[in-house]
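Enquirer: Take a look at this one; I'll ask things after.
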Amino acid sequence: MKPASFAYIRPETQDEALSALAEHGDDALVLAGGLSLGAMLNMRLAFAETIIDINRIPALNRIERVDESLRTGAMVRQADALKSADVSEAAPLLRLGLQNVGHYQTRSRGTLGGSVAHADPSAEIPLCLATLDGVVELASQRGSRRVPAREFADTALSTIREPDEMVEALHWPIHTGAGVAFQEIAQRHGDFAIVAVAAVIRNETEFSLGFGGVEGVPRVLDGMVGGSVEETVGAFVDELDAMDDPRASAEYRIGVARHLGVQTLRQAQELAT
Amino acid sequence: MSAKFEADARVRVNCTVNGKRHTGYAEPRTQLCDFLRHELHLYGTHVGCEHGVCGACTITLDGRLARSCMTYAVQAEGAEIGTVEGLSEPGTLNPLQRAFSDHGALQCGFCTAGILISTTYFLADNPMPSEQEVREMLSGHLCRCTGYEGMVRAILSVAGGGS
Amino acid sequence: MDGPGEPWVGQAVPRLEDAALLSGNARFIDDLAPVPGIRHVALLRSPYAHARISKVDITEAAALDGVYGVLTGAELVTELDPLASAVRAPVDYFPIASDKVRYVGEPVALVAAVDRYVAEDALERIVVDYEPLPAAVDPVAALEDSAGQVHERVGSNLVHHRTFRYGDPDRAFDEAAAIVSLDWRYPRQASTPIETYGAVAHYEEAPERYTIWSNFQGPFILQPLMARALRVPGNRLRLVAAPHSGGSFGIKQGLYPYLVLLAAASRMLGCPLKWIEDRSEHLMASSAASDRADSIEAAFDQEGTLTGLRYRNLVSVGAYIRAPEPASVYRMHAASNGCYRTRNIAVDNRLVLTNKTPIGLNRGYGGPQFFFGLERAMDKAARSLGVDPAELRRRNFIPANAFPYDAPAGALYDSGDYAKGLDLALELADYEALKARRDAARAAGKLFGIGFACGVEPSGSNMAYVTLAQTPEERAKTGGRSGGAAVATVALDPSGAATVTLDSTPAGQGHATAAAQIVADGLGMRPEEVQVVTTMDTQNGDWSLASGNYANRFSAIVVDAIVESTDRIAMKLKAVAADMLEVAPDDVELSGGRARIAGVPDDGIALARVAAATHWHPAGLPEGLSPGLREAATLSPDVLDAPDEQDRVASAVTFGYICDLAAVEVDPKTGRITVETYVSVHDVGRVLNPILVEGQVRGGFAHGFGAAVMEDLVYDSEGNFLSGSFADYACPTAADLPPVTVGHVETASPANALGSKGMGDGSSMLTPAVMANAVADALGRDDVELPLTLDRVWRLAREAS
């Protein structure tokens, strides 16, 4: 299980990275923590003429408050985010989601940006970002742009990132004091979720309820608190086009999404009041 | 300046492993585990799946835990690496290693190196873990021999924690 | 310890293996470069379950820089004879495909290159034209006329069918007050050691010989098969075990066809070859336990006495019958009565070829499938008869005073007290409180269930039980087969230091520690002073057909060979020392590293001096003693005789006992099973070392729990393989396993000098049945199959409510 040959570029600044992407982007893959890409390269499920390793660009490691958001650089490690006081205060939903990401060992090197860019349908980090209606900041030599997280992944393992772009940062709308809840079900501890559900309550009146692992990309229900949680969640979940694979049938995903959706939303509501 | 290597380049990689300076050669695609084992002849790190699940190849790389199968040797240029060979002085076992033996925490020993590296890092991070925390940490490794019970007990005994 | 004290055997002696393993100094097969000039092998494998190979073009692959050679299956097969098995059928098994592929992952071509990276690059440049054929995937569907024919010459996919009768099962069923029946599918699973297969094969000319270093673990009955396939006499094929093996659980037996393949390729390419299987290859194409479509009927009288059993087994063997298969189907056969007294048993065994990886040794080896039927039937019977499941088993146990017990199909159970083990399990589980808890949970609308399973653990196999696959007439033609030999060699060198050499090729069980304890007791030393050699070498060591690491052989048989060879050394030491001390040999005792006169403290001579005398001064030895100190004891338990004309066979030398109890709660919303209580009671005879026994018990449970809840080698209806990574094939982690309360009862085995029994399969055989029983009890339905994944349990719970 050895990767096919690739050329290797290790930029030390973001400008160097963008220049490499401009030159090689069409045939290049960006290597962050490598926890997903490494496996795919080794199994020869992913190929690239050039690997652009962004592990040595210090600017990508920052966590900072920008306007109404917490901005996390693409290379912020999951373990560091989990320990960050800023994340705890300003993005508590991310903290909950991170507790379910992979394992202690993989979080040590795995990154926030890498997870979002990889766009696994079951991944917790893009689910939290979509639920919060956060933003993905993309950079290229052409300039930078901000894409709503809910539009970033178009299908499973695919995003609208252009070949010369890289994920530079994620913007997490600050939801201090809001009720947040996160639940998932997986066969084993640390597995990618079969179904993951994230909930956030804003201003005690609005909620967002995100579902991961059901469709190819996270799906989010926005609504107003009040009314029957079962009916609201049930109506939304019934419309989902669930995946069917050896890990779980579509019926199971729908059934559990409904159950976890109701539980998670209720839990968030209780915490919000 | 960006480092750049062609696909078939034979790249000289300098790194420090367990406090000792090492130099070897690798292609860009050479897995770090292969470099450590077959280039630097540090065979204590084992390879069990090459896709990051089993955890046998876990090492420390510049102060973080890394699956050395999904890290490439060229990424280790100038890095500080920790492997099982560095856990104790030759001919001796450290308290964690002794506890593993006393509690029956290993059988075939193939997964053990990665688990010792993870545990050492984990206990520095969380010196008094609960049993649940130890189990969650261990869930990043697969062992097919022991049922993990001995490992949990060994780690808790060294941590001085307990249920 | 200076004088004779508590024996080392039985003590929790820390493992001698551990220091090297914990410090990174233990060497495994991939760490070795035993000869210079090694090239690295990658195998091109079939992406199809069933297809004709119309063309293989290796031109581009062979032209790639760094490639040393490329061999197609067609080229390799001409240099080999097929690998034989006990089933007489026109199924030629070669380690590589030539005319057609019969399972996903079957080797098609071999590349040798400067490293594994380049070898894999070359695989992508081999062009194979396949003509896909319909695949036989499901064992039942594979029997239909319309199914794809895995081997056309067989005429159908049914490759073996034998029926057996012991006692009068028809009468038992005719007269039964109640008959309980169950039929079910059993999934494919694999033990997946963390170290995969690995080997270095080296061909040398003049004289022609093959040497293979590997983590092959036996049984070495396969060595003559390999030599025959390579068309050389046995002494031209030398197998050497790597110093350490990263787990096996039986599965490394399935390495042997690859050894033949690599050996032949080494000769054809003219260089030593190394192959390290990767995880994807391992999951896809190493070996697996059989998937099955089985059924059972159990007859009971008015009092709940089990009066008869009927088994119908349909076993998917995969695309070939790879020796020692169909042993997995016959391993439990002689013990078809389980723990129970019934003497009326009918067995119907059919083997069906399917387009899947060949089956082979995996922990439990036929036990999980067997006990799933018998023990699920017992729980079902208890419910339908209105008897407590523990009580029903107690009524039917072979009583403690009936041992040794001659079981109806020929097994001779050495010792046991099954009711005592059950009582201990009930006590440890606080069964009465558990039942009250179940009542309360159910009253609150919860799904709470309790399951049981009891079983025997055959250990130390009779090499002949696999010949039950032949009729008595066929067996008569091929000549007798019997036995299960072990050989151990103990030597004291001129410095008086002891070395014991084993034929048990351990893979983590701690054989070296147990062997050192035994030798230390026999020679009055400390275990850490004894060097233990486990690197089996068929050229330089003693071995037998039965050598190897399987069937819990070590503590059933191998220990006896260690005791015997140690005793012989001790006798010689005493004779020499007696001469030096001028006393009778019987007055000499060995303790504290010295030979002493019994009853006289602080006397005697150092063993080193006694040993030295045998090496340095043979002429000075008492008359009749040979120089040196080296004794190899080879023995095969008398009980392991050939099968008789009624197909009865003493299949194993010791029969341990396991009684497991599980209480679970099922969440109908998610399908999550929470194990509230799990108790596992074992009778392993005399415990040689509690650390080793505990490790085997807990490890066996972990395998059983994985098999019960999550492990499944999944094929789709076309035979595509869907479990090719450790993300897809789920093995339990530390966070997934529930706490287990372990208990022991001890009935010393009369089968060996130490009273120990084989153990190691343990709960891997019973946990699948126990978990299914507990879930069945919780859901109130019997059609519970494995693995009990979230999805499956959710579905069952939904249908049940």
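Enquirer: Scan region B:1-35 for trypsin sites (Lys or Arg not before Pro) in coil per DSSP, keeping those whose Cβ has at most 16 other Cβ atoms within 10 Å, and list them by number. Before the final figure, lay out each step's value.
Expert: Details: sites: B:Lys4, B:Arg10, B:Arg12, B:Lys20, B:Arg21, B:Arg29; in loops: B:Arg10, B:Arg29.
For trypsin sites (Lys or Arg not before Pro) across region B:1-35 that sit outside H, G, I, E and B with at most 16 neighbouring Cβ atoms in 10 Å, the list reads B:Arg10.
Enquirer: Let me ask you something else. So for chain C, considering every pair of alpha-carbon atoms, how many percent are separated by more than 49 Å?
Expert: Details: 62068 of 320400 pairs.
Percent of Cα pairs beyond 49 Å in chain C: 19.
Enquirer: Sorting C:Glu676, C:Glu474, C:Glu746 on the 10 Å Cβ count, fewest up front, what's the list?
Expert: In increasing order of surrounding Cβ atoms, one gets C:Glu474, C:Glu746, C:Glu676.
Enquirer: Shielding by partners for C:110-119, please: the mean number of other protein chain Cβ atoms within 10 Å of each residue's Cβ. Each step should come with its number before you reach the end.
Expert: Working: counts 0, 0, 0, 0, 0, 5, 4, 9, 3, 1.
Mean partner-chain Cβ count within 10 Å for C:110-119: 2.
Enquirer: What GluC sites (Glu not before Pro) does region C:200-279 have in DSSP loop regions with at most 13 other beta carbons within 10 Å? Each step should come with its number before you reach the end.
Expert: Numbers: sites: C:Glu204, C:Glu205, C:Glu208, C:Glu277; in loops: C:Glu205, C:Glu208, C:Glu277.
Those that pass, being in a loop and sparsely packed, are C:Glu205, C:Glu208.
Enquirer: Taking N as the number of residues in the protein assembly as shown, what is its Cα Rg relative to 2.2 N^0.38 Å? Can you show the working numbers first?
Expert: Details: Rg = 31.0 Å, N = 1237, 2.2 N^0.38 = 32.9 Å.
This ratio for the protein assembly as shown stands at 0.94.
Enquirer: What FRET efficiency would be calculated for the residue pair C:Asp183, C:Val714, taking the C-beta separation as r and a Förster radius of 22 Å, to the nearest 0.05? Each step should come with its number before you reach the end.
Expert: Numbers: r = 21 Å, r/R0 = 0.97.
The formula returns an efficiency of 0.55 here.
Enquirer: Let me ask something else about it. With label points built 7 Å along Cα→Cβ from the Cα atoms of A:Arg65 and C:Met580, find their separation and express it in nm.
Expert: Here the answer is 8.4 nm between the modelled labels.
Enquirer: On to the next question. Please list the equivalent ellipsoid semi-axes of region C:303-410, computed as the square roots of five times the alpha-carbon gyration tensor eigenvalues, in descending order and whole angstrom. Spell out each step's value before the answer.
Expert: Values: eigenvalues 173, 49, 26 Å².
Calculated on Cα positions only, the semi-axes equal 29, 16, 11 Å.
Enquirer: For chain C, return all DSSP H helices satisfying: extent of Cα atoms along own axis at least 30 Å; mean Kyte-Doolittle hydropathy at least 0.0. Could you put the intermediate results ahead of the total?
Expert: Numbers: long enough: C:559-581 (31 Å, 0.62).
Result, helices passing both filters: C:559-581.
Enquirer: Show me the trypsin sites (Lys or Arg not before Pro) within region A:110-213 that DSSP assigns to loop and that have at most 13 other Cβ atoms within 10 Å of their Cβ. It would help to have the intermediate numbers written out before the result.
Expert: Values: sites: A:Arg142, A:Arg145, A:Arg146, A:Arg150, A:Arg161, A:Arg188, A:Arg202; in loops: A:Arg142, A:Arg161, A:Arg188.
Of the trypsin sites (Lys or Arg not before Pro), the ones in loops of region A:110-213 whose Cβ has at most 13 other Cβ atoms within 10 Å are A:Arg142.
Enquirer: Take C:Asp388, C:Asp430, C:Asp294 and order them by how many other Cβ atoms sit within 10 Å, fewest up front. Write out the running numbers ahead of the final one.
Expert: Values: C:Asp388 16, C:Asp430 13, C:Asp294 21.
Final ranking by Cβ density, sparse to dense: C:Asp430, C:Asp388, C:Asp294.
Enquirer: Still on this structure, I have one more. In whole Å and largest first, what semi-axes does the C-alpha gyration tensor of region A:7-53 yield when each eigenvalue is scaled by 5 and square-rooted? Could you put the intermediate results ahead of the total?
Expert: Details: eigenvalues 75, 27, 9 Å².
The three semi-axes for region A:7-53 are 19, 12, 7 Å.
Enquirer: Which three extents, in angstrom, do the Cα atoms of region A:176-273 have along their principal axes, listed largest first?
Expert: 40, 28, 19
Enquirer: Next question. Quick one: if the Förster radius is 51 Å, what FRET efficiency do B:Glu80 and C:Thr674 give, using the C-beta to C-beta distance and rounding to 0.05? Could you put the intermediate results ahead of the total?
Expert: Values: r = 43 Å, r/R0 = 0.85.
That gives a FRET efficiency of 0.75.
Enquirer: Once the mean 1/r over all distinct Cα pairs of region B:95-159 is inverted, what Kirkwood radius in angstroms do you read off?
Expert: Working: mean 1/r = 0.0879 Å⁻¹.
Radius from the Kirkwood sum: 11.4 Å.
Enquirer: What translational D, rounded to a whole number of µm²/s, comes out for region B:3-44 from Stokes-Einstein when the hydrodynamic radius is the Kirkwood one over Cα pairs, at 10 °C and 1.306 mPa s?
Expert: Details: Rh = 10.8 Å.
Approximately 148 µm²/s, per Stokes-Einstein.
Enquirer: Still on this structure: Find the percent of Cα-Cα distances in region C:204-297 that exceed 14 Å, and round it to a whole number. Present the calculation step by step, with values, prior to reporting the outcome.
Expert: Values: 3044 of 4371 pairs.
Roughly 70 percent, once rounded to a whole number.
Enquirer: Still on this structure, I have one more. How well do other chains shield peptide B:68-75, expressed as the mean number of their Cβ atoms within 10 Å of each residue Cβ? Display every interim value, and only then the final one.
Expert: On the way: counts 0, 6, 14, 7, 9, 0, 4, 8.
For peptide B:68-75, the averaged partner shielding equals 6.
Enquirer: What do you get for Rg/Rh of chain B when both radii come from the Cα atoms and Rh is the Kirkwood radius? Present the calculation step by step, with values, prior to reporting the outcome.
Expert: Values: Rg = 16.4 Å, Rh = 16.3 Å.
So for chain B, dividing Rg by the Kirkwood Rh gives 1.00.
Enquirer: Taking the Cβ-Cβ separation of A:Glu239 and C:His615 as r and a Förster radius of 51 Å, what is the calculated FRET efficiency to the nearest 0.05? Write down the numbers at each step before the final one.
Expert: Numbers: r = 86 Å, r/R0 = 1.69.
With a Förster radius of 51 Å, E is 0.05.
Enquirer: Which whole number gives the average count of other chain Cβ atoms within 10 Å of the Cβ atoms across peptide C:185-196? Let's see the in-between values first.
Expert: Working: counts 0, 0, 0, 0, 0, 0, 1, 5, 7, 18, 9, 5.
The shielding value for this peptide is 4.
Enquirer: Turning to a different aspect of this structure: Would you compute, for the Cα atoms of region A:59-173, the largest minus smallest coordinate along each principal axis and list the three values in descending order, in whole Å?
Expert: Dimensions of region A:59-173 along the principal axes of its Cα atoms: 34, 30, 24 Å.
Enquirer: Next up: Could you check the spin-label model distance between C:Asp168 and B:Asn126? Points 7 Å from the Cα along Cα→Cβ, value in nm.
Expert: Between C:Asp168 and B:Asn126, the simple spin-label model gives 6.6 nm.
Enquirer: To make sure I understand, if each residue's beta carbon is the centre and we count other beta carbons within 10 Å, what order do A:Met43, A:Met166, B:Met1, C:Met284 fall in, fewest to most?
Expert: Working: A:Met43 18, A:Met166 27, B:Met1 8, C:Met284 23.
By the 10 Å Cβ count, ascending, the order reads B:Met1, A:Met43, C:Met284, A:Met166.
Enquirer: Right, something else. Mind checking the alpha-carbon convex hull of region C:570-729 and giving the volume per residue in Å³? Don't skip to the end; give the middle numbers.
Expert: Details: hull volume 51.4 nm³, N = 160.
Taking the convex hull of the Cα positions in region C:570-729, it is 322 Å³ per residue.
Enquirer: In Å and from the alpha-carbon atoms only, list the Rg and Dmax of region B:11-84.
Expert: 10.7, 29
Enquirer: Quick check: pseudo-label points 7 Å beyond the Cα along Cα→Cβ at C:Arg88 and C:Glu432, how many nm apart are they?
Expert: Placing both labels 7 Å along Cα→Cβ, they lie 6.1 nm apart.
Enquirer: So, in Å, what gap is there between the alpha-carbon centers of region C:727-761 and region C:176-223?
Expert: If we compute the Cα centre of each part, the gap is 21 Å.
Enquirer: Hey, what's the per residue convex hull volume over the C-alpha atoms of region C:22-86, in cubic angstrom? Provide the component values of the computation, followed by the final result.
Expert: Values: hull volume 16.0 nm³, N = 65.
That works out to 245 Å³ per residue.
Enquirer: For the cross-link pairs C:Lys380/C:Lys420; C:Lys100/C:Lys356; C:Lys356/C:Lys757; A:Lys2/C:Lys252, which exceed 25 Å when the distance is taken from alpha carbon to alpha carbon?
Expert: Numbers: C:Lys380/C:Lys420 23 Å; C:Lys100/C:Lys356 14 Å; C:Lys356/C:Lys757 35 Å; A:Lys2/C:Lys252 23 Å.
From the list (C:Lys380/C:Lys420; C:Lys100/C:Lys356; C:Lys356/C:Lys757; A:Lys2/C:Lys252), the Cα-Cα distance tops 25 Å for C:Lys356/C:Lys757.
Throughout, read-outs are computed from the coordinates displayed, never taken from laboratory work. Keep in mind it's a predicted model, so treat the numbers as computed, not measured. For neighbour counting, all protein chains shown are included, and Cβ atoms are generated from backbone atoms with ideal geometry for every residue, glycine included.
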